[in-house]
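The values are calculated or read from the model by the stated rules, or taken from the named source; none is laboratory data. Bear in mind that the values here come from a model prediction, so they are computed numbers and not experimental data. Reconstructed Cβ throughout: ideal geometry from the backbone, glycine too, with neighbour counts over all protein chains shown.
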Amino acid sequence: MLACRQSMSILVACWAVLFAAIHIFIGRLAFLDAIPRSRWLSFAGGVAVSYVFVHLLPELAEHRTVLHERGFIGGELSAYLLALTGLSVFYGLERTVRMSRGRRRTHAAEEKEPVSFVFWLHIGSFALYNVLVGYLLVHREEVGFVSLLLYGVAMGLHFVTNDFGLRSDHHRAYNHTGRWILAASVLFGWLLGLWVTVPEAGISLLFAFLAGGVVMNVLKEELPEERQSRFLPFAFGAAIYALLMMF
């Protein structure tokens, strides 16, 4: 049993390092950064959304009674309300970034763009998001290798799409500073998970917020017309991953 736990801890650590490496090195895969959108990015987005709807949301349904018994505001709907909060927070953040980008393009060339408050707001928000992902890498709702593999693959591919979105928004500032902050934040979340344990209801709420954030962050990368996203790879990724989780 001890050897099994040690092996699992090593695997979790490997996933945390892989998550960080994605932010640091994925930008070197230039073929992903293309218009029309790379099929691989659309596929990755489909996998992440599939994980939310087929795995996370059913788990939230299982824990709604616990949240109700603990007296959370909204009773049995607490988890879903927090998922909605996660989606709304990242929607508001995205709107702020888009409006700021429009003002900058009105006044100056993009190449001369200074590192702005909006950049730090955007990166700071995603740093907290990455801390949450790293923490839940340790404290998943289900233990075991299969659960770790499902979570790791889904969140790893989600980080790929997030990274290219942030790189597109902030260019040199992201390459110079942002990617290192996000890499460090996911490692910090993993270490925090080793040191701090929150109650079961708290884990459910964290997963709920993450679910809403994942849905928003995937769709905001896939839906804008200028992305020229690809539906079939997105649908294929969602379908394949859903089938894997079912079996």
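Structure notes:
- Residue that is farthest from GLY92 (Cα to Cα), among those in region 135-162 that are of a type outside the set (A, V, I, L, M), over 10 Å from the mean Cα position of the chain (by Cα) and in a helix (DSSP H, G or I): PHE145
- ILE26 being surrounded by 20 or more Cβ atoms within 10 Å (Cβ to Cβ) and either among the β-branched types (Val, Ile, Thr) or modelled with pLDDT of 85 or more (or both): no
- Some residue of region 175-196 being crowded, with 19+ Cβ neighbours inside 10 Å and under 16 Å from SER50 (Cβ atoms): no
- Residue match in region 168-178 (condition: in contact with a helix residue (DSSP H, G or I) (Cβ under 6 Å, 6 or more places away or on another chain) and among the basic types (Lys, Arg)): no
- Whichever residue in region 121-173 is hydroxyl-bearing (Ser, Thr, Tyr) and modelled with pLDDT of 85 or more and, among such residues, is surrounded by the fewest Cβ atoms within 10 Å (Cβ to Cβ): SER147
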